[in-house]
1. Name the residue, out of 75, 51, 131, whose mean-square fluctuation peaks in a Gaussian network model built on the chain with Cα pairs under 10 Å.
2. With the crude spin-label approximation of a point 7 Å out along Cα→Cβ, what separation in nm comes out for residue 67 versus residue 79?
3. In the Gaussian network model of the chain, springs joining C-alpha atoms below 10 Å, which of 102, 115, 156 carries the largest mean-square fluctuation?
4. Go through the range 86-98 residue by residue and turn each phi into a ³J(HN,Hα) via Karplus (6.51, -1.76, 1.60, θ = phi - 60°); whole Hz please, and just put x for glycine and proline.
5. So how many Lys-Lys pairs in the range 52-172 land under 30 Å Cα to Cα, not counting same-chain pairs under 8 apart?
6. Please compute the contact order of the range 1-115 in relative form: average sequence separation of alpha-carbon pairs under 8 Å and at least six residues apart, divided by the residue count, as a percent.
7. Compute the length gained on full extension between residue 112 and residue 41: take 0.36 nm times their separation in residues and subtract their Cα-Cα distance, giving the result in nm to one decimal.
8. Using 7 Å Cα-to-Cβ label points, what is the residue 141/residue 128 separation (nm, one decimal)?
Amino acid sequence: LFEKKTKRCGHCVSLAPTWEDLAAKVAEENPADGIVIAKVDVTQNSDIAKRFQIQGFPTLKYLADRKMYKYSGGRNLDELHAFVTDGYKETGVLEDIPAPPSWLQMKLKALDDNSWIKTTMADFDDILNFRKNAAAVMLGMGFVFGVLIGLILGMSMASSSSGGSAAKSKKE
């Protein structure tokens, strides 16, 4: 069972002692069951909040038997303990476990966190929104520059390929 919380949430703060008591009771009475009582501060782990679509605090979810159950019962020790020791099968709201982020999503997030890219994109957005003539000039210059580079590379490739065939014919 894990709790998604924030430090400033009054409900999370009032649940904290009960949560600690629950962890101790589960460890004492059910050590062989392998039940882990955890808490996650989503202000420090925003990726988890996005992955599990957390909108209210505290959010209590139980992962068992490759399934996720949302807890919506009372916030007292006995009800929480009953839930984690098989009560989830009858009273828990079954939900799909969201997939972890893909490699591509993680790389895109890293790019999004890059301040240089953010600054450049903000400048580009500013140019597009407020300086439309400058955007048109930049686009035109980019096109002309691309065509020139293409012509230069094309001519250099053509001259190198024709020069190679002339050298072969002289040897023969």
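The values are calculated or read from the model by the stated rules, or taken from the named source; none is laboratory data. Since the structure is predicted, the reported quantities are computational estimates derived from the model, not experimental observations. In this analysis, Cβ positions are derived from the backbone assuming ideal geometry, glycine residues included, and neighbour counts consider all displayed protein chains. Ligands, DNA and RNA are excluded from the accessible area calculation, which covers all protein heavy atoms including side chains. Shrake-Rupley method; radii C 1.70, N 1.55, O 1.52, S 1.80 Å.
1. Of the options given, 131 has the highest mean-square fluctuation.
2. Computed distance between label sites residue 67 and residue 79 equals 2.2 nm.
3. Maximum fluctuation in the GNM of the chain, among the listed residues, is at 156.
4. 4, x, 4, 5, 9, 9, x, 8, 6, 10, 6, 7, x
5. Close lysine pairs found across the range 52-172: 13.
6. On the way: 127 pairs, mean separation 33.7, N = 115.
Relative CO of the range 1-115 lands at 29 percent.
7. Values: separation 71, 0.36 × 71 = 25.56 nm, distance 2.22 nm.
Value of the extension gain: 23.3 nm.
8. If labels sit at residue 141 and residue 128, their model points lie 1.9 nm apart.
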